[in-house]
Amino acid sequence: MYEGLDTPIQYLKGVGPVRAELLAKLGVNNIRDLFYLVPRRYVKRKYIGNLSYGDEAYVWGRVVYQETKFSRKGEIVSLVIDDGTGLLECGFFNSPFLKDKFKDGDEIGVIGKTTFFARKLQFINPEIDTDRGLASLPIIPVYPLTSGLRQRYIRKITRLGFERYIDDIKETLPHDIISSNNLCSLPTALRCLHFPKSVEEAKRARERLGFEELFLFEIIMQKRRLEKKKKGIRFKGGCGYARTLLSYLGFDFTKAQRRVLWEIFSDMESPYQMHRLLQGDVGSGKTIVATICMLKAVESGHQAALMAPTEVLAEQHYFVLSHLLSNLKSDAVTPYLLTGSTPAKEREEIFEKIRNGEAGIVIGTHALIEEGVEFKSLGLCVIDEQHRFGVMQRLALKEKGEYPDLLVMTATPIPRSLSLTLYGDLDVSVLDELPAGRKPVITRWVRGAGRRTNVYAFTRKKIDSGRQTYIVYPLIEESEKLDLEAAKEGYEKLKGGVFKRYKVGLLHGRMRGRDKDEIMRTFRDGEIQILITTTVIEVGVDVPNATVMVIEHAERFGLAQLHQLRGRIGRGREQSYCILLTPQRMGEEAEKRLSVIENENDGFKIAEKDLKIRGPGEFFGTRQSGIPELSSPDLIMDTKLLVRARDEAVRLLEYDPDLQKPENDIIRRSILTRYKDKIVLTEAG
């Protein structure tokens, strides 16, 4: 038997089973869901005499005149409305059902955007709502919709729901949290969400509901963090290997690197397992930080493993670490490489060295988690480009040891608000500073085909001076729909045309793994001067001699992708150049993206702007990223609210980690109600 807010929505007057199925597409399955359906925005009521061109407004008035007109676009039903301050004509194209629907003197509400038509300020195809309850509201909500539902219907059933179930709304937060955060009560918040008397009331309602949602979510995330705080390895303080290595490097760490190393070392020297995310922009020095941490693990008598998503990236790490650690002249820190391409005999030898502990540092791909790999004492797992691995793969590497520390790395800058949400159960370290001597890449946006000749001439000049070039295409083959040049066609045309006297290579995602690796090796060794490629080179490839990147149809790439691609150059001390080739005309969002990437090199600032342009749902792809299913995705852009909610969650769990105290029963019940299908909390005894 259903009661109160748990009543299925189909039993609300005016709904029924058919409309209940449509409402379910909006996440509305019961009365509670209806009350928590957050409007996308609000429209202010305005008087006709105060309307200006381009205003989106809601107008309430009397029908004083109506007629049917005809134009090239079809039949137009015209209604003229008077609200005492002026007249407003509303034109409805191809809406014969409106003919004779209203009589002169009928009161109606219309919601639309003013435009000039026939030299008059008008609404064209506005929404009509005859609910007299709207006449007294200064602003009205605009809800998310699905096919088959209209705004006036959502507003109507919301009003009916409140009339029937208003007394069933019970508070979901303790009084002290409401008071200390200056929040309104839940009944007040829900009333002001749907029937606000001012913009300020609507803001207060959204703040209260947003705080509640984030607070409950953060409790779950913090509980996960506490559960992960298992007994782990306590590594020795200091690191002699690291001090020796630094004396050979010939450069100083950035302040960011020093800060991050202190954070990681503090975790490693504690008696608990480390679960830390190392976030750094391209070229910020994550590899040397990870290397120092692996040396600390080895010096403490344990082993370290670094897992990369591709053979090219694993080999690159191996070459870099082999060069760095050769200065230490110690077999204990000689790195070993294990990938799918490792010959069988060499593979067995490496397996044995891992088993007996002789291999202190092992670098590899998924090959590290094969059955035959048995570590003597795995103390530190480093996972590079962690978003490229599944949860089970990361877990499989950790299970190769007994309570090893975990350091996951990503070169994808994530805005602070998102990292707080996505990685709430991890400690986050950020490298937000580039090493000294790195010159920012100069980016130029070139529109139209007319200047392509100049771009190619510039590219040839750089190659003649001994440098290398990437030319990146968005597709592998020609697409009739998008009419884009693809990598294969570009390769054939360029190597036989403007670049015929140069060594040109082709790399794309449909090639076999070994063929891709071979192309990258020859490019890295300087045997290929121009690499024509797709986004397969987006992550991890490091060729310091490559100083020019030309990106064809750059308008087709996302901001994060453009930034990652550009990160493949500018890795040496020579000035690097990224050239974005686009058509003359393109969409408004593409214009915004290209303007950002041309004028900004800071990956974190780019990520913030990307989040604003696309919104959080698209920023990562909600389902894949772990972004919580919030009633309003924009909540995770409110960093201040996030931090407040997180601080309250941490404070609460410090004195009541299992939510067993009577005063926190209300929170426990709120979490079970909201997340009953997603979590399991221990029932109170």
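Give me the strands (runs of 3 or more DSSP E) completely within the stretch 19-132, filtered to those with at least 3 residues that are under 30 Å from Arg191 (Cβ atoms), ordered by residue number.
By residue number, 41-44, 56-71, 107-117, 127-129.
Residue check: is Asn599 farther than 23 Å from Leu321 by Cα, polar (S, T, N, Q) and surrounded by fewer than 21 Cβ atoms within 10 Å (Cβ to Cβ)?
yes
I need a count of the residues in the stretch 127-142 that are closer than 14 Å to Ile108 by Cα and β-branched (Val, Ile, Thr).
So the answer is 2.
Yes/no matrix, rows are residues, columns are (1) in a helix (DSSP H, G or I); (2) within 30 Å of Ile666 (Cβ to Cβ); (3) not acidic (Asp, Glu):
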position	(1), (2), (3)
Ser179	yes, yes, yes
Ala256	yes, no, yes
Ser266	yes, no, yes
Ser270	no, no, yes
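Residue-wise test of (1) surrounded by 20 or more Cβ atoms within 10 Å (Cβ to Cβ); (2) under 27 Å from the mean Cα position of the chain (by Cα); (3) under 25 Å from Pro413 (Cβ atoms); (4) modelled with pLDDT of 90 or more.
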| residue | (1), (2), (3), (4) |
| --- | --- |
| Leu190 | yes, no, no, yes |
| Glu218 | yes, yes, yes, no |
| Gly232 | yes, no, no, no |
| Tyr248 | no, no, no, no |
| Phe251 | no, no, yes, no |
| Trp262 | no, no, yes, yes |
| Phe265 | no, no, yes, yes |
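Taking the conditions exactly as written (crowded, with 19+ Cβ neighbours inside 10 Å, closer than 20 Å to Gly285 by Cβ and under 29 Å from the mean Cα position of the chain (by Cα)), does Asp542 satisfy them or not?
Answer is yes for this residue.
Name the single residue that is nearest to Ala297 (Cα to Cα) among those in the stretch 218-232 being out of contact with any helix residue (DSSP H, G or I) (no Cβ under 8 Å at 6 or more places or on another chain) and not acidic (Asp, Glu).
Gly232
With respect to Val77, determine if the residue is hydrophobic (A, V, I, L, M, F, W, C), within 25 Å of Gly133 (Cα to Cα) and surrounded by 15 or more Cβ atoms within 10 Å (Cβ to Cβ).
no
Kindly indicate which of Asp82, Asp55 is of a type outside the set (Gly, Ala, Ser) and either under 30 Å from Glu213 (Cα atoms) or more than 38 Å from the chain's Cα centre (by Cα) (or both).
Only one candidate passes the filter, namely Asp82.
What number goes with the only condition from (1) closer than 27 Å to Leu249 by Cα; (2) free of Cβ contacts under 8 Å to residues at least 60 places away in the same chain; (3) in contact with a helix residue (DSSP H, G or I) (Cβ under 9 Å, 6 or more places away or on another chain); (4) crowded, with 21+ Cβ neighbours inside 10 Å that Ala332 does not pass?
If we test Ala332 against (1) closer than 27 Å to Leu249 by Cα; (2) free of Cβ contacts under 8 Å to residues at least 60 places away in the same chain; (3) in contact with a helix residue (DSSP H, G or I) (Cβ under 9 Å, 6 or more places away or on another chain); (4) crowded, with 21+ Cβ neighbours inside 10 Å, just (4) comes out false.
Can you go through Ile636, Ile606, Ile613 and tell me which one is under 22 Å from Asp33 (Cα atoms) and either among the hydrophobic types (A, V, I, L, M, F, W, C) or at pLDDT below 60 (or both)?
Ile636
If you take the residues in the stretch 421-443 that are farther than 12 Å from Gln279 by Cβ and modelled with pLDDT under 70, which one is surrounded by the most Cβ atoms within 10 Å (Cβ to Cβ)?
Taking the candidates together, the pick is Thr421.
Considering the stretch 299-309 alone, what residues qualify as being crowded, with 22+ Cβ neighbours inside 10 Å and within 23 Å of Glu385 (Cβ to Cβ)?
Gln303, Ala304, Ala305, Leu306, Met307, Ala308
The values are calculated or read from the model by the stated rules, or taken from the named source; none is laboratory data. The shown structure was predicted, so the numbers you read here are calculated from the model rather than taken from an experiment. Neighbour counts run over all protein chains shown; Cβ positions are idealised from the backbone, glycine included.
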